[in-house]
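Read through the structure below, which is laid out as structure tokens, and then see the notes.
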Amino acid sequence: QVQLVESGGGLVQAGGSLRLSCAASGRTFSSYRMGWFRQAPGKEREFVAAISRGGGNRYYADSVKGRFTISRDSAKNTVYLLMNTLKPNDTATYHCAASRYSTNYHRNYDYWGQGTQVTISS
């Protein structure tokens, strides 16, 4: 069992930056591939970024490549999403998730946080 709690969301202007955090507890954090997903009202859940168990491989949706950076801390119990050059269409509820598999597909993620709201004003 893994518990995930996101934080760091808020309201920022377009072009600004925001750093999301996901604190994990329970089963060994390093045993899971960690991902970030987002969902805006009326839209389907969207993959944003993922990081491998060792942190050596990172994956990004085309829409955020070059702007967002996913990372894991040295203790391997927290995952971050640094979001730069934010755009209004980045507005969504962002969820942290953990998967037993090497995947970017949300249906293969086993544990989910409650989400944190990110709102970008134009």
- Query: Condition test on G113, is it more than 19 Å from A14 (Cβ to Cβ), under 12 Å from the mean Cα position of the chain (by Cα) and among the small types (G, A, S)?
  - Reply: yes
Only one of A50, A40, A24 is more than 13 Å from the chain's Cα centre (by Cα) and not charged (D, E, K, R), namely A40
Checked segment 104-122 for anything open to solvent by 20 Å² or more (accessible area, probe 1.4 Å) and part of a loop (DSSP other than H, G, I, E, B); matches are N104, Y105, D110, Q114, S122
Query raised in the report: Any residue in segment 83-91 that is surrounded by fewer than 14 Cβ atoms within 10 Å (Cβ to Cβ) and more than 21 Å from G15 (Cα to Cα)?
Result: no
Residue count, segment 30-68, condition open to solvent by less than 80 Å² (accessible area, probe 1.4 Å) and among the basic types (K, R), comes to 4
Of the residues in segment 93-103, those that are of a type outside the set (K, R) and part of a loop (DSSP other than H, G, I, E, B) number 3
Among the residues of segment 1-13, the number that are closer than 15 Å to Q117 by Cα and either open to solvent by 30 Å² or more (accessible area, probe 1.4 Å) or of a type in the set (S, T, Y) (or both) is 6
L20: passes all of (1) over 20 Å from S121 (Cβ atoms); (2) in contact (Cβ under 8 Å) with a residue 40 or more places away in the chain but (1)
Scanning segment 80-110 for residues that are β-branched (V, I, T) and at pLDDT 95 or above, the one farthest from the chain's Cα centre (by Cα) turns out to be T85
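The values are calculated or read from the model by the stated rules, or taken from the named source; none is laboratory data. No experiment lies behind these values; they were computed from the predicted model shown. So basically every Cβ, Gly included, is an ideal-geometry build from the backbone, and we count neighbours across all protein chains shown. Protein only, heavy atoms only, side chains kept; ligands, DNA and RNA dropped before computing areas. Shrake-Rupley method; radii C 1.70, N 1.55, O 1.52, S 1.80 Å.
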